[in-house]
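To start, the structure itself, in structure tokens.
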Amino acid sequence: MTLGEGGTPLLPAGRLRREVGGADLHFKNDTLLPTGSLKDRSNAVGISRAMEAGHEVVAVVSTGNAAASVAAYAGRAALQSVVLVPEATNHEKVVQAAAYGARIVRVRAGFDETARLYSQAIKALGWYNCLSSDPFRNEGKKTYAYEVWADLGGRVPDWVIHPTAGGTGPAACWKGFNELYGLGWIERLPRIVVAQAAACAPIVQAFEAGWDEVRPVEPQQTIAESIKVGGPSTMAWRALRAARDSGGTAVALSEAEIERSQILLAKEAGIYAEPAGAVSLGAAIRLAQTGTVQPGDLVVAVVTGHGLKQPPTHLSLPEAIPPDLTALEKALQVP
Ligand SMILES: Cc1ncc(COP(=O)(O)O)c(C=O)c1O
């Protein structure tokens, strides 16, 4: 099942290069996938798999983007989708899922409790599970790696940075590059960076503490709503391992850093991302500031969700003016 996913642009950072100390930064713009987020890569494969296995109902628990994506692919495949979302999930994303025809279940709880209910429902009701714990879906997600490699003319990035919640992105990207390496297409591997909001950073915590497993944290308030998962499950240790085995790292960003990255991406790179999607730029800036990323390093920051889904909240619009030139000049303070 396809909606034309993949083949998203890899854009050189242009003016934003100054923010990363002259590193050769590129953005993999996955905001341009069919439903506006990274989730389409995996759902193209996941829903195809559900069809092949003869399922009629597919389901997902989601911070918003996966709900919309599963609903779109399922609708096109004439499958019923059921999506469980925490009550506080961003309205635009839930409405998007509803428009595609999903049965929406809003749960009066945070993500981790909603996910517990979802696991029970999957077992009890026999729905096809569209979560990343399904390795078929990973096969779709890993195509990041192939596309980046092809668009760089066969060069390998020094760093690939992912906004991270459950951990699928970093783990799948690592898989893709390892396949290229194992088959002799490339001679070295990139370092993988897990980027999270400091308000909810269980994988960063495990990386910094040297743990082998990811322990849950109590999520705090963050504008990076899509990556607010305190107790990630099956893919989290794989993402942790990808960061460690690749010689990469894990970065937790403040709310101010995330907010600034969202605006910088829009103003200076022409990419309108939701806050979670801009976390990769924030991590690139931080890593350049701390000297981890060096001038000239080839860095790919994956931008994972569209800004129309969650626009900046702190930008206020001006008062409307009457339709005359004096009012226009006054509004623009033309002398
Ligand atoms: C915009 C956005 N970025 C990143 C992620 C992280 O996903 P994962 O860590 O599961 O790859 C999500 C997950 O919902 C998302 O919606």
One can check that the equivalent ellipsoid of the stretch 93-252, built from the alpha-carbon gyration tensor with semi-axes equal to the square roots of five times its eigenvalues, has lengths in Å, largest first, of 29, 20, 14
Residue by residue, what Karplus-based ³J(HN,Hα) values in Hz, rounded to whole numbers, does the stretch 79-94 have, using 6.51, -1.76 and 1.60 with θ = phi - 60° and x for Gly and Pro? 9, 7, 10, 10, 10, 9, 10, x, 3, 7, 4, 2, 4, 4, 5, 5
In the chain, what percentage of the DSSP-assigned beta bridges are antiparallel, given to the nearest 5? 15
For Met235, Met1, give the ranking by accessible area with the largest first, probe 1.4 Å. Met1, Met235
Contact order relative to length for the stretch 126-190, counting C-alpha pairs under 8 Å separated by 6 or more residues, stands in percent at 37
Normalized C-alpha radius of gyration of the chain, against 2.2 N^0.38 Å? 1.00
Reachable aspartates and glutamates, given that their alpha-carbon falls under 12 Å from the alpha-carbon of Lys309 and they are not under 8 places away in the same chain: Glu92, Glu225, Glu274
Could you check which residue among Ala88, Ala97, Ala124 shows the biggest mean-square fluctuation in a GNM of the chain with a 10 Å Cα cutoff? Ala124
Heavy-atom accessible area order for Thr313, Thr164, Thr326, largest first, 1.4 Å probe: Thr313, Thr326, Thr164
About the Cα centre of the stretch 1-101, how large is the charge dipole given +1 on each Lys and Arg Cβ and -1 on each Asp and Glu Cβ? Please answer in debye to the nearest 20. 300
Stokes-Einstein translational diffusion, the stretch 27-99 - Kirkwood Rh over all Cα pairs, 1.002 mPa s, 20 °C, in µm²/s: 175
Go ahead and estimate [θ] at 222 nm for the chain from helices alone: -39,500 (n - 2.57) per DSSP H run with n ≥ 4, summed, over the residue count, rounded to 500. -12000 deg cm²/dmol
For the stretch 110-150, rounded, prolate or oblate, judged on the Cα gyration tensor with a ≥ b ≥ c (square roots of eigenvalues), a/c < 1.5 rounded, else prolate if a/b > b/c? oblate
Taking +1 at the Cβ of each Lys and Arg and -1 at the Cβ of each Asp and Glu, which of Leu328, Leu79, Val302 sits farthest along the dipole of the chain towards its positive end, judged by Cα position relative to the Cα centre? Leu79
Mind grabbing the accessible area of Trp174 for me, 1.4 Å probe, Å², rounded to tens? 40
Projected onto the charge dipole of the stretch 100-199 (unit charges on the beta-carbon of Lys, Arg, Asp and Glu, signs +1, +1, -1, -1), the Cα from Val193, Leu131, Thr168 with the largest positive-side position is that of Leu131
How big is the charge dipole of the chain about its Cα centre, in debye rounded to the nearest 20, if each Lys and Arg gets +1 on its Cβ and each Asp and Glu gets -1 on its Cβ? 440
Expressed as a whole percentage, what fraction of the accessible surface of the chain belongs to carbon and sulfur atoms when a 1.4 Å probe is rolled over the protein heavy atoms? 54
Can you give me the solvent accessible area of Arg106 with a 1.4 Å probe, rounded to the nearest 10 Å²? 150
Top to bottom by accessible area (1.4 Å), largest first, where do Asp158, Asp245 land? Asp245, Asp158
For Arg241 the rounded accessible area (nearest 10 Å², probe 1.4 Å, non-protein molecules ignored) is 130
Check cross-link reach from Lys175 to the aspartates and glutamates: straight Cα distance under 14 Å, and skip same-chain residues fewer than eight apart. Glu139, Glu147, Asp245
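The values are calculated or read from the model by the stated rules, or taken from the named source; none is laboratory data. Owing to the predicted nature of the structure, the values given are computational and were not obtained by experimental measurement. All Cβ positions, glycine included, derive from the backbone under ideal geometry; neighbour counts span all protein chains shown. Note: accessible area is taken over every heavy atom of the protein model, side chains too, but ligands, DNA and RNA are not part of it. Shrake-Rupley method; radii C 1.70, N 1.55, O 1.52, S 1.80 Å.
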